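Colleague: This is the structure I have questions about; it appears just below.
A short reminder: the numbers here are calculations on the coordinates, not readings from a lab. Quick caveat: nothing in here was measured; it's all calculated off a predicted structure. Glycine also receives a Cβ, built like all others from the backbone with ideal geometry; neighbour counts cover every protein chain displayed.
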Amino acid sequence: MSAPFPDLSQPGPIAVTCQCQKVKITIASLPDSANQCQCSLCFKYGVAWGYFNPDKVTIQEEPVTLHDPSGQEENDKHFINYTWKNKDAAFGHCASCGTTLYWKHTKDGAARWAQRGKQPTMAVNMKLLGPETLKTIKQEYGYE
Ligand SMILES: [Zn+2]
Ligand SMILES: [Zn+2]
């Protein structure tokens with residue numbers, strides 16, 4: 001069992017996890033800022049997004065077993081992916097503990113993003129870094 005938040009005293013890639021540690025996300029370095037997106041969905045999630053090139057983010061997941069109150073089990077789910085509004089982005093949550101992990105563009109969302117001249121982007125929830133590290137990153141309060 002590792003610590004709930006990453007130890008950043010060593011240089012190198014940074015691995016963050018969901019609460020149950022079935023999902024591990026690795027980023028090369030801290031972002032310059034974290035955006036506590038003020039849209040209604042992100043505000044409810046309570047996230048602080050760091051934005052990254054999707055090629056620079058690695059996501060590893062262990063199979064999870066879901067238990068519903070009727071006693072049924074499902075063994076093949078890693079993520080709950082939620083989309084809303086124009087369905088540009090899918091919001092990923094650990095299927096086991098529910099931690100909000102990332103958003104990734106859907107296929108259509110990525111196409112629209114590129115049409116606006118933007119580089120491929122995904123977001124990782126910087127709250128997974130823990131309060132001590134998050135405090136060291138500039139906080140923004142935009143919409144994205
Ligand atoms: Zn989890
Ligand atoms: Zn948002």
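Colleague: Evaluate the relative contact order of the chain (contact order divided by residue number), counting alpha-carbon pairs under 8 angstrom at least 6 apart; express in whole percent.
Modeller: Details: 264 pairs, mean separation 39.6, N = 144.
Over the chain, the number comes to 27 percent.
Colleague: I've got another one for you. How would you rank L41, L66, going from fewest to most other Cβ atoms within 10 Å of each one's own Cβ? Write out the running numbers ahead of the final one.
Modeller: Numbers: L41 15, L66 12.
Ordered from fewest to most neighbouring Cβ atoms within 10 Å, L41, L66 come out as L66, L41.
Colleague: By its C-alpha gyration tensor, with a ≥ b ≥ c as the square roots of the eigenvalues, how is the stretch 60-144 shaped: rounded for a/c under 1.5, else prolate for a/b larger than b/c, else oblate? Display every interim value, and only then the final one.
Modeller: On the way: a/c = 2.67, a/b = 1.36, b/c = 1.96.
It is oblate, given that a/c is not under 1.5 and a/b is not larger than b/c.
Colleague: Now a separate question. With a 4.7 Å Cβ cut-off, tell me which Cys residues in the chain come up empty for a partner.
Modeller: Cysteines lacking a close Cβ partner in the chain: C39.
Colleague: Normalising by the residue count of the stretch 62-144, find the relative contact order in percent from Cα pairs under 8 Å and 6+ residues apart.
Modeller: Details: 105 pairs, mean separation 14.4, N = 83.
About 17 percent, as a whole number.
Colleague: Could you line up Y82, Y141, Y45 from fewest to most neighbouring Cβ atoms inside 10 Å? Please list the in-between numbers first.
Modeller: Working: Y82 14, Y141 10, Y45 19.
Fewest to most other Cβ atoms nearby, the residues stand as Y141, Y82, Y45.
Colleague: Among rounded, prolate and oblate, which fits the stretch 1-113 when a ≥ b ≥ c are the square roots of the eigenvalues of its C-alpha gyration tensor, a/c under 1.5 means rounded, and a/b larger than b/c means prolate? Walk me through the numbers on the way to the answer.
Modeller: Details: a/c = 1.73, a/b = 1.09, b/c = 1.59.
Here the stretch 1-113 falls in the oblate category.
Colleague: So which residue, out of K127, K56, K85, gets the largest mean-square fluctuation from a GNM of the chain using Cα contacts under 10 Å as springs?
Modeller: Of K127, K56, K85, the Gaussian network model singles out K85 as fluctuating most.
Colleague: Give the order of K138, K24 when sorted by the count of other beta carbons within 10 angstrom, beginning with the fewest. It would help to have the intermediate numbers written out before the result.
Modeller: On the way: K138 9, K24 17.
Ranked by crowding around the Cβ, least crowded first: K138, K24.
Colleague: Specify the residue with the greatest mean-square fluctuation among A89, A111, A15, computed from a Gaussian network of the chain linking alpha-carbon atoms under 10 Å apart.
Modeller: In the Gaussian network model the winner is A111.
Colleague: Specify whether the C-alpha gyration tensor of the stretch 102-144 places it in the rounded, prolate or oblate class, a ≥ b ≥ c being the square roots of the eigenvalues: rounded for a/c under 1.5, otherwise prolate if a/b is larger than b/c and oblate if not.
Modeller: Working: a/c = 3.61, a/b = 2.30, b/c = 1.57.
Prolate is the answer for the stretch 102-144, as a/c is 1.5 or above and a/b outweighs b/c.
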